[in-house]
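What follows is a set of notes on a single structure, which appears directly below.
The values are calculated or read from the model by the stated rules, or taken from the named source; none is laboratory data. This is a predicted model, so every value here is computed, not measured. Ideal geometry is used to build each Cβ from the backbone, glycine not excepted, and the neighbour counts take in all protein chains shown. When the accessible area is computed, the model is the full protein with side chains, heavy atoms only, and any ligands, DNA or RNA have been set aside. Shrake-Rupley method; radii C 1.70, N 1.55, O 1.52, S 1.80 Å.
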Amino acid sequence: MTIRDFIIRTCTDMGISCVGCAAVIRWEQPLFFPWVPESCYPNAIYPEAQTAVVIGLPVHLPVVETAPSIWYREEYKIVNSLLDQYTWRIATVLNDQGYASVSIPRDGYGSITVLQKNPAAFFSHRHAAVLAGLGTFGRNNMVLTRAWGPRVRFGTVLTSARIESDALIESSLCTRCNACVRACPVHALEEEDYPESKTNKKACADRSAALNGEYRSPCGICIKVCPVGADRDLFNRTDIRMYDDTGAWKKYHDAWDHVRSFGSD
Ligand code: SF4
Ligand code: SF4
């Protein structure tokens, strides 16, 4: 069994269906500009790294639809915690096989106050996911996947094992519908493709901080309205007019209002 097959099997046994590999040399061949700083490249952080193994876990659409809410806040924490646990376990299993490996923490910041001052982390899981062939950037500044659109969070293992890279997704999955741009309550997004669009990360972080003070961060609105993702078929939510039209979709709006009226300020 190749090391690649071993990783896929390990992930499958953990219930992880979204996994991809990217040779670290891919960071040296930018897909677009501006690119991530060299100090954030995998082998600048962990010089022994040969490959980034990236996994993705979904955030369930009906939960995101209640955002901002305590339900989405808890789901977000669960997924982050699972990503940290799964990537740590994958790194440990690889270490046991003789391939020196480390996991990168999911969020990597101490508090939203820190993000307000510097809205970045020491490693970008989003760029790693794109380089591992798991998705493409959307106008909402998120990575869109075929399975879940932007309703997915990523975690990364850096390993000394040399593993064949997955193919990149060549065509953008973003439909340029601008639903995310229109829905953003603080107008942080632009009608431009990533990375030309200048997302106002400060405005987004400020909103997140305000919601956090009310125990209902993260915001999630630009994630829930995105029409991309097979999860929309699964949950029978292919018509995104449901988020604006309270008449035809009243039972959904009632459910969201109910959830939002508990557990947070
Ligand atoms: S998370 Fe909220 S504030 Fe930030 S860009 Fe998306 S919709 Fe706007
Ligand atoms: S909502 Fe539309 S424009 Fe925004 S990321 Fe999704 S597909 Fe792209």
Inset, instruction - Below 18 Å Cα-Cα, how many Lys pairs turn up in the chain? Only count pairs eight or more apart in sequence, or on different chains, if you could. - result: 6
Legend entry - the chain: C-alpha pair distances exceeding 24 Å, %: 49 percent
Inset, instruction - For the range 57-132 and the range 161-240, compute the distance between their C-alpha centroids and round to whole Å. - result: 16 Å
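Remind me, relative contact order of the chain in percent, using alpha carbon pairs under 8 angstrom and six or more residues apart?
Taking the mean separation of contacting Cα pairs over the length of the chain, I get 25 percent.
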Legend entry - Packing-based ranking, highest mean first, of 254-264, 53-63 given that Cβ atoms within 10 Å are counted: 53-63, 254-264
Legend entry - Exposure ranking of Tyr252, Tyr109, Tyr72 by accessible area [1.4 Å probe, largest first]: Tyr109, Tyr252, Tyr72
Legend entry - Dipole-positive endmost among Leu131, Ile25, Asn236 within the chain (Cβ charges, Cα centre): Asn236
Legend entry - Accessible area (Å², 1.4 Å probe, nearest 10) - Cys177: 50 Å²
Legend entry - Compactness of the range 98-190 as Cα Rg over 2.2 N^0.38 Å, two decimals: 1.26
Legend entry - Accessible surface of the range 150-263 [probe 1.4 Å, protein heavy atoms]: carbon and sulfur percent: 49 percent
Inset, instruction - Beyond 19 Å, what share of the Cα-Cα pairs of the range 1-78 is found? Please give it as a whole percent. - result: 59 percent
